[in-house]
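Nothing in this text is a laboratory measurement; each read-out follows from the coordinates by a stated rule. Remember, predicted model here, so these are calculated numbers, not experimental data. Virtual Cβ from ideal backbone geometry, glycine too; neighbours counted across all protein chains shown.
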Amino acid sequence: MLELVFLGTSSGVPTKERNVSAVALKLPEPKSWVLVDCGEGTQHQILHTRLSLQTLKAIFITHIHGDHCYGLPGLIASAGMSGRAEPLYIIAPKGVQLMYEAIRDNTQLHIPYDVIFIETEAMGSYSLGDTDVTAHKLSHRVPSHGFCFTTTTTNNNLDIERLTNDRIERGPVWGKLQQGMDVTLPDGTSLKASDYVETTQSTQRIVIAGDNDQPALLSSVEGNIDVLVHESTYTEELLEKAGPGPQHSSAKRVATFAAEYGIPNLVLTHFSARFQATSSRGDSIDDVKIEAESVYDGNLYLANDFDTFSLSTTENLIKNESQHPVDNIK
Ligand SMILES: [Zn+2]
Ligand SMILES: [Zn+2]
């Protein structure tokens, strides 16, 4: 089971309802999680969730823009003050390391654990237990990457028919066999786990992209993408008005790629601060949804801060109860 927790879903600047970019990915190993991007205030957002800085394995920063990395020094400092001892790996562009070191050196910041930077370009394939991570180049004003998390799950399936035929009663023996343990019954019969268990492997692939105006660049990902998390800063109309400068995506642009590439689950995020929650005045977030739905008929979500989603071995991404409804923090 993989779980996404959105900690910030606004583009560029925070709003009352949305902080700047950060998303947590909870891995199948107990209490193990990583962070993708760390906009200012991310540590405050984490305080409203069940995530702990003690169990954070690594931080991936998509690009150097402040709305994706200004939260890093404060988060690293707080983890130290709350007793973290494990090394923390940070995969990021060189500029992020230089920013952190400048702040550390000029504010007499002492960190009681190792902070180890790996430059994104040099990352290769990064392993987090059962999850491998690869970086994929995107198109933005500065170098930007998407991170692809591929988790391999091993499932031990009991052969119920054979167990029943061999008159082995449901109970602890079944559990031991399922865990791959051979069992000797009280009457001396020995049971081999391999006779009663079929092992299958399944992979789940989640891509979390940085800022990007060419979603099709993510076709560099090998294998099927189960979930794509991508910025949708604008609608087509607003993207055209914004002119050639911003190098962001519209809902239509991302959704078209997801449809053409056969991606079953799409989560849009990083919305322009001009979008209102209600359509009574100004640009409405509903416009983003309507535009994406016009070209994509998969499982579509527009992320809000504190939304959590889970992906089990089935391919549908499920939205869970919010860990901390946004209404509570206004
Ligand atoms: Zn951004
Ligand atoms: Zn950016």
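Residue by residue through region 112-125, which ³J(HN,Hα) values in whole Hz follow from phi under the Karplus form 6.51 cos²θ - 1.76 cosθ + 1.60 (θ = phi - 60°), with glycine and proline marked x?
Along region 112-125, the couplings run x, 9, 7, 10, 10, 8, 10, 5, 3, 4, 9, 5, x, 9 Hz.
What do you get for Rg/Rh of region 1-150 when both radii come from the Cα atoms and Rh is the Kirkwood radius?
Radius of gyration relative to Kirkwood radius: 0.93.
Choose one answer from G171, G129, G262: the residue with the largest mean-square fluctuation in a GNM of the chain with alpha-carbon springs under 10 Å.
Between G171, G129, G262, it is G171 that shows the largest mean-square fluctuation.
Work out the charge dipole of region 2-329 with +1 on the Cβ of Lys and Arg and -1 on the Cβ of Asp and Glu about the Cα centre, then indicate which of A303, I290, H48 is farthest towards its positive end.
H48
Give me S125, S220 sorted ascending by neighbouring Cβ count inside 10 Å, so fewest comes first.
Ranked by crowding around the Cβ, least crowded first: S125, S220.
Residue by residue through region 129-143, what is 3J(HN,Hα) from phi via Karplus (6.51 cos²θ - 1.76 cosθ + 1.60, θ = phi - 60°)? Round to whole Hz and write x for glycine and proline.
x, 7, 10, 9, 10, 10, 10, 10, 5, 10, 10, 8, 5, 10, x
Counting only Cα, what are the radius of gyration and maximum Cα-Cα distance Dmax of region 147-197, in Å?
For region 147-197, the Cα-based Rg and Dmax read 14.0, 54 Å.
A292: net charge of surrounding residues, Cβ under 13 Å, Lys/Arg +1, Asp/Glu -1, itself excluded?
-4
Just grab the label-to-label distance for N156 and S82, each label 7 Å out from Cα along the Cβ direction, in nm (one decimal).
3.5 nm
Calculate the radius of gyration of the Cα atoms of the chain to one decimal place, then report Dmax, the largest Cα-Cα distance, as a whole number, both in Å.
Rg and Dmax of the chain, Cα atoms, are 22.4, 80 Å.
Roughly how far apart, in whole Å, are the Cα centres of region 187-224 and region 96-168?
15 Å
If each residue of separation counts as 0.36 nm, what is the full-extension length gain between T314 and D105 once their alpha-carbon separation is subtracted?
70.5 nm
Can you give the three extents of the C-alpha atoms in region 29-93 along their principal axes, from longest to shortest, in whole Å?
Result for region 29-93: principal-axis Cα extents of 30, 21, 19 Å.
Which one of T151, N316, Y126 has its Cα pushed farthest toward the positive end of the charge dipole of region 2-329, where Lys and Arg give +1 and Asp and Glu give -1 at the Cβ?
Y126
Assign unit charges at the C-beta atoms only (+1 for Lys and Arg, -1 for Asp and Glu), then state the dipole size of region 2-329 relative to its Cα centre in Debye, rounded to the nearest 20.
The calculated dipole for region 2-329 is roughly 620 debye.
Would you mind checking which residues have amide H under 5 Å from I90's amide H? H placed 1.01 Å from N; only 5 or more apart, or other chain.
I59, I116, F117, I118
Multiplying the sequence separation of K94 and D166 by 0.36 nm and subtracting their Cα-Cα distance, what value in nm do you get?
19.7 nm
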